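Have a look at the structure below, then the notes.
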Amino acid sequence: LGILTGCERETDSPSVVVYVSADRAVALPILEAFTRQTGIEVRPLFDNEATKTTGLVNRVRRERSRPRADVFWSSEPFAVEQLAAEGLLQPTAHPDLDGHPSEWRRIDDRWFAFAGRARVIAFDPERLSIEDCPQQWTDLADPRWKGQIAMADPRFGTTRGHFGAIAASESIGDPAVSYPVWLDGLAANGIQLLTGGNAATVDAVVRGEVLLGLTDSDDVRAARRRGARVESTAPRHLGSNAVGGGTLLIPNAVGMVTGARHPNAASALVAFLASAEVERLLYRSPSGNQPLAHPLDEG
């Protein structure tokens, strides 16, 4: 893999530039597998944990008249949809994308979704039992949790997407609790906003600074792999009797940047990332992302 630098020159060998908001440790082995299979050099540029995705999205916008990136790969689909809606991602055609399920792709093929993780609440099982944890997201407004909740800055990443999804649905499960009322409840409970992202939220739970941390399942998984004492629960958005209505499931999403300089290599990378093979690799990776577009068979 090469790293994107300030001065780029075209080469005779095929290459592709990808902006990546998935965790570096998870993404690099996958990009290396693509290079081994295709011979196409991948030149990645990563974001940072605090501004997850937003920084790279703004970079794509700034570069619209002279794109540097060929492909945008995000670990969440919200900002990818924004770029597609702005015309900054272009439709991608590749034979390996023909069978990608319609429910996991934009109708005009400007992005393809795959492998996801869940929004969860992290907690220390020695300080709180799972039975005592919030069963619905509305429960976080209960005064019993005052001063005991933390989350990442909601202007960025999956926290922003989660809150946006709740606002768009106009329902959090309890008819008596509207989105504005719920926000007022969180504010009254003095929820802590952490600039370090979802990983920092899990760390705050591990250190005993709060009882509950709004985060993603892969961040809890990563903390447990480091030996941290932390568990998670997935509250429902709708009542227990409602069909569906569980927690938010957040897929990865990938699309080709409009005006990509290496369209053939870009379409090949998009197709590879959206493949069943990559969903399996992500499932087995530290992220533990669940296959969505190509569910695992019994084998």
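Here are the numbers:
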quantity	calculated
Residue list for the stretch 66-92, filter: of a type in the set (A, V, I, L, M) and either surrounded by 23 or more Cβ atoms within 10 Å (Cβ to Cβ) or assigned to a loop (DSSP other than H, G, I, E, B) (or both)	A69, V71, A79, V80, L83, L88, L89
Residues within the stretch 93-122 that are surrounded by 19 or more Cβ atoms within 10 Å (Cβ to Cβ) and part of a helix (DSSP H, G or I), tallied	1
Flag if E41 is farther than 18 Å from Y283 by Cβ, open to solvent by 60 Å² or more (accessible area, probe 1.4 Å), within 26 Å of the chain's Cα centre (by Cα) and at pLDDT 90 or above	yes
Selection count, the stretch 235-260, where residues are outside any strand (DSSP E or B) and at pLDDT 95 or above	3
Residue within the stretch 57-65 that is at pLDDT below 95, outside any strand (DSSP E or B), in contact with a helix residue (DSSP H, G or I) (Cβ under 9 Å, 6 or more places away or on another chain) and open to solvent by 20 Å² or more (accessible area, probe 1.4 Å) present	no
Flag if D108 is at pLDDT 95 or above and closer than 27 Å to Q290 by Cβ	yes
Set G246, G239, G185, G255: member being more than 19 Å from S21 (Cβ to Cβ) and under 19 Å from the mean Cα position of the chain (by Cα)	G246
Criterion (free of Cβ contacts under 8 Å to residues at least 12 places away in the same chain, under 28 Å from V42 (Cβ atoms) and within 23 Å of the chain's Cα centre (by Cα)) met by exactly one of R110, R68, R62	R62
Matching residues in the stretch 149-170 - criterion: being among the hydrophobic types (A, V, I, L, M, F, W, C) and either more than 22 Å from G208 (Cα to Cα) or at pLDDT below 90 (or both)	F156, F163, A165, I166, A167, A168
Condition check for L292: surrounded by fewer than 20 Cβ atoms within 10 Å (Cβ to Cβ), aliphatic (A, V, I, L, M), out of contact with any helix residue (DSSP H, G or I) (no Cβ under 8 Å at 6 or more places or on another chain) and farther than 14 Å from F34 by Cβ	no
Residue within the stretch 133-144 that is free of Cβ contacts under 8 Å to residues at least 24 places away in the same chain, outside any helix (DSSP H, G or I), surrounded by fewer than 19 Cβ atoms within 10 Å (Cβ to Cβ) and among the acidic types (D, E) present	no
Qualifying positions in the stretch 235-256 - closer than 30 Å to I166 by Cβ and crowded, with 17+ Cβ neighbours inside 10 Å	P235, R236, H237, L238, T247, L248, I250, P251, N252, A253, V254, G255
Failed item in (1) open to solvent by 10 Å² or more (accessible area, probe 1.4 Å); (2) touching a Cys at 6+ places or on another chain (Cβ under 9 Å), with P125 passing the rest	(2)
Per-region count, the stretch 193-227, residues open to solvent by 70 Å² or more (accessible area, probe 1.4 Å) and in a strand (DSSP E or B)	1
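The values are calculated or read from the model by the stated rules, or taken from the named source; none is laboratory data. Since this is a predicted model, take the numbers as computed values, not measurements. Counting neighbours? That spans all protein chains shown, and the Cβs are built from the backbone with ideal geometry, glycine included. The accessibility values were calculated without ligands, DNA or RNA, using every heavy atom of the protein model including side chains. Shrake-Rupley method; radii C 1.70, N 1.55, O 1.52, S 1.80 Å.
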